[in-house]
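Let me begin by presenting the structure, written as structure tokens, before commenting on it.
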Amino acid sequence: MTAALAPEKQDTLSELADAVPVGGAVHIKDDVVAKLAAYLATEVPDVGGPARGLSRLPLGGQGADLNRRPLVSAHVDGGRAYLDVTASVRWPASVAEVTTEVRRHLRERIHELTGLEVGEVRIEVTDLITETPHARVS
């Protein structure tokens, strides 16, 4: 059942509708862009998450892993996002080729999904991931 508005209320609604900008404004927080970028980076073959914790020490934290997302921080300034990515690359893939593809992919997909242009994408590769752990040499 639909109720009809009194004529004076219809005029008020028309005035309000004329005063509201079409489309409005959308603000995407830095953390949202960072989380999205971390997920999108895993769409690129040979990219994984960096080692975490005390992984360089015996019985330490988690090592670099292709099944984990890279670490990403983002800064959104107006309609532009800037990204810092910390990741690992699978050996023997070319680090230069993989990082170039990550930059291209992040710029394209973030723009496609959020409308933000992506400026600088800084990538730090902290590990090379091999399929099997290295044997220790005594």
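The values are calculated or read from the model by the stated rules, or taken from the named source; none is laboratory data. Small disclaimer: the values here were computed from a predicted structure and weren't measured. As a convention, Cβ positions derive from the backbone with ideal geometry for all residues, glycine included, and neighbour counts pool all protein chains shown.
Within the stretch 44-63, being of a type in the set (A, V, I, L, M, F, W, C), surrounded by 16 or more Cβ atoms within 10 Å (Cβ to Cβ) and either modelled with pLDDT under 85 or on the phi > 0 side of the Ramachandran plot (or both) holds for one residue alone: ALA51.
Of all residues in the stretch 96-119, those being more than 14 Å from ALA41 (Cβ to Cβ), buried (at least 17 other Cβ atoms within 10 Å of the Cβ) and of a type in the set (A, V, I, L, M, F, W, C) number 1. Here is the figure for the stretch 71-116: residues that are of a type in the set (Asp, Glu) and closer than 22 Å to HIS27 by Cα total 4. Within the stretch 64-80, can one find any residue that is acidic (Asp, Glu) and modelled with pLDDT under 85? The answer is yes, given that some residue of the stretch 64-80 is acidic (Asp, Glu) and modelled with pLDDT under 85. Inspection of the stretch 88-95 identifies at least one residue that is on the phi < 0 side of the Ramachandran plot, under 16 Å from the mean Cα position of the chain (by Cα) and either at pLDDT 95 or above or surrounded by 11 or more Cβ atoms within 10 Å (Cβ to Cβ) (or both). Taking the stretch 29-43 as the range and being buried (at least 19 other Cβ atoms within 10 Å of the Cβ) and touching a helix residue (DSSP H, G or I) at 6+ places or on another chain (Cβ under 8 Å) as the test, the residues that pass are VAL33, LEU36, ALA37, LEU40, ALA41.
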